[in-house]
Amino acid sequence: MNFNGRTLFSPLLPLIEQEFGTTHARAASIFTFISIGYGFALFSASRVAGFLGSKRAVLGSLTTAGLVFFVIPAIHRFSIFYPVVFVLAFALGVYLPTIIPMITEYYSEKDWGKAIAFHESASSLSIFGAPLIALFLLSFLSWRLIFIVVGGILLLCAMIFRVVATETHSGKIGSVNRGLLKNRSIWIMGILWIFCSGCVLGLYFVLPLYLVRELGMTVQYANSIFGLSRSGMVLIAIAAGFFVDRISLKKGLFLIMLATGLMTMLLATKDIGWIKSLLFVQATISGAFPPLALVAISRMFGRETRGQATGVVVTVGMVGTGIIPHLIGLTGDLVSFRLGIFLLGLCTVLASSLVLRLKDLR
């Protein structure tokens, strides 16, 4: 549900764009503000967790996000989306850097791969489910009322978490230390996250626009094949947990990055029949990156800096989910969506070589 707070905008974006009569680039800029708010929260999460405690930080994240969702249906000027989604994304962003150290405290290191991959499968399930949830709810509700439903469920999740979770010591409290920022590995992981998050979420955010506006599909048909194409992500995210402790993380990350870039380049085809198959393959391969990357971060950084490192890496990676959708939308206005998608894939292929420079990844 935390991840749904961002992914739900994607299948509803064609309807939002149509109602407000805005351009592709301006509609996609919603995700730029989501990423700014999310990234700012990731960078600040250690302070929030230090002030509130890990459990209350997660509770505050879920509760605030749920309440903001009740505000969205009242928006009648497109520009109002920007500050609202910024606040929403800030609330959602506190979650990940807080929960990863909690998971590594709950479980022994030999089980981190399975535990983190199982937890990370929730994001894949969200990416898979959001278009199908939107498709189902649009049969009964307007896009505005869907946000109220999601807000109510988030508040329910907060109540459940309050009952079942226990407080843990989540590492060092305060601002990110300078020594961590001087570590080359953290910036390499950040760059890798930019392009993989661009291929996973950045592309995901604008694909409905591409399918509806450029390829002429209906919103219903686009969301159905869009959602089903993400089904493989759930399985690969869980499967990654059982293999991550048995393979070389460095080789695994390199091959996933390379294959993700190549599959993204192939998505620039005009053939709708091929796009259906390629969407599935591209999503399945790219879905293995986040769980492997989070395990890599947990192994490269110690207990005291693990949460901060996660926050820094994912903050840098927000460029992939914020700027890349806007750039693809801009190419859609000026030339075609296909050009932007092809260039994203090419950059991802080139970035894959950086994995080999992670000397402290065992």
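Numbers at a glance
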{"read-out": "LYS55 within 27 Å of ILE236 (Cα to Cα), basic (Lys, Arg) and either over 16 Å from the mean Cα position of the chain (by Cα) or surrounded by fewer than 18 Cβ atoms within 10 Å (Cβ to Cβ) (or both)", "value": "no"}
{"read-out": "Every residue from region 75-111 that is without any contact (Cβ under 8 Å) to a residue 60 or more places away in the chain and of a type in the set (Ser, Thr, Tyr)", "value": "SER79, TYR82, TYR107, SER108"}
{"read-out": "Top-ranked residue in region 348-362 [being surrounded by fewer than 17 Cβ atoms within 10 Å (Cβ to Cβ) and out of contact with any Ser or Thr (no Cβ under 7 Å at 6 or more places or on another chain); ranked as modelled with the lowest pLDDT]", "value": "ARG362"}
{"read-out": "Total residues in region 169-200, condition of a type in the set (A, V, I, L, M), at pLDDT below 80 and under 18 Å from LEU294 (Cβ atoms)", "value": "2"}
{"read-out": "Pick from region 282-327, criterion of a type in the set (Ser, Thr, Tyr) and crowded, with 24+ Cβ neighbours inside 10 Å, ranking: nearest to PHE33 (Cα to Cα)", "value": "THR321"}
{"read-out": "The listed residue being closer than 26 Å to ILE30 by Cβ, surrounded by 17 or more Cβ atoms within 10 Å (Cβ to Cβ), of a type outside the set (D, E, K, R) and free of Cβ contacts under 8 Å to residues at least 24 places away in the same chain, out of LEU279, LEU330, LEU343", "value": "LEU343"}
{"read-out": "Failed item in (1) surrounded by 22 or more Cβ atoms within 10 Å (Cβ to Cβ); (2) within 21 Å of LEU141 (Cβ to Cβ); (3) touching a Phe, Trp or Tyr at 6+ places or on another chain (Cβ under 9 Å), with PRO73 passing the rest", "value": "(1)"}
{"read-out": "Members of region 235-267 found to be hydrophobic (A, V, I, L, M, F, W, C) and modelled with pLDDT under 85, listed by number", "value": "LEU235, ILE236, ALA237, ILE238, ALA239, ALA240, PHE242, PHE243, VAL244, ILE247, LEU249"}
{"read-out": "Restricting region 20-47 to residues that are farther than 22 Å from ASN4 by Cα and without any contact (Cβ under 8 Å) to a residue 60 or more places away in the chain, the residue that is surrounded by the most Cβ atoms within 10 Å (Cβ to Cβ)", "value": "THR22"}
{"read-out": "Every residue from region 88-108 that is surrounded by fewer than 24 Cβ atoms within 10 Å (Cβ to Cβ) and in a loop (DSSP other than H, G, I, E, B)", "value": "TYR107, SER108"}
{"read-out": "Cβ-Cβ under 6 Å pairs, at least 6 apart or on other chains, region 166-194 side surrounded by 12 or more Cβ atoms within 10 Å (Cβ to Cβ), far side assigned to a loop (DSSP other than H, G, I, E, B) and at pLDDT 60 or above", "value": "GLY171/ARG303; GLY171/GLU304; LYS172/GLU304; LEU180/THR305; SER185/LEU358; SER185/ASP360; ILE188/LEU358"}
{"read-out": "Count - residues of region 210-225 that are touching a Leu at 6+ places or on another chain (Cβ under 6 Å) and crowded, with 21+ Cβ neighbours inside 10 Å", "value": "2"}
{"read-out": "Residue list for region 226-243, restricted to those being of a type outside the set (Gly, Ala, Ser), buried (at least 24 other Cβ atoms within 10 Å of the Cβ) and closer than 17 Å to GLU120 by Cα", "value": "ARG230, MET233"}
{"read-out": "Single residue of region 253-289 satisfying the filter (assigned to a helix (DSSP H, G or I) and hydroxyl-bearing (Ser, Thr, Tyr)) that is nearest to ALA222 (Cα to Cα)", "value": "SER277"}
{"read-out": "Where VAL85 falls short, out of the listed (1) crowded, with 24+ Cβ neighbours inside 10 Å; (2) at pLDDT below 90", "value": "(2)"}
{"read-out": "Search result, residues across region 259-276 that are more than 16 Å from PHE337 (Cα to Cα), in contact (Cβ under 8 Å) with a residue 40 or more places away in the chain and loosely packed, with under 14 Cβ neighbours inside 10 Å", "value": "LYS276"}
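The values are calculated or read from the model by the stated rules, or taken from the named source; none is laboratory data. What you see is a predicted model, and the numbers here were worked out from it, not measured in a lab. Reconstructed Cβ throughout: ideal geometry from the backbone, glycine too, with neighbour counts over all protein chains shown.
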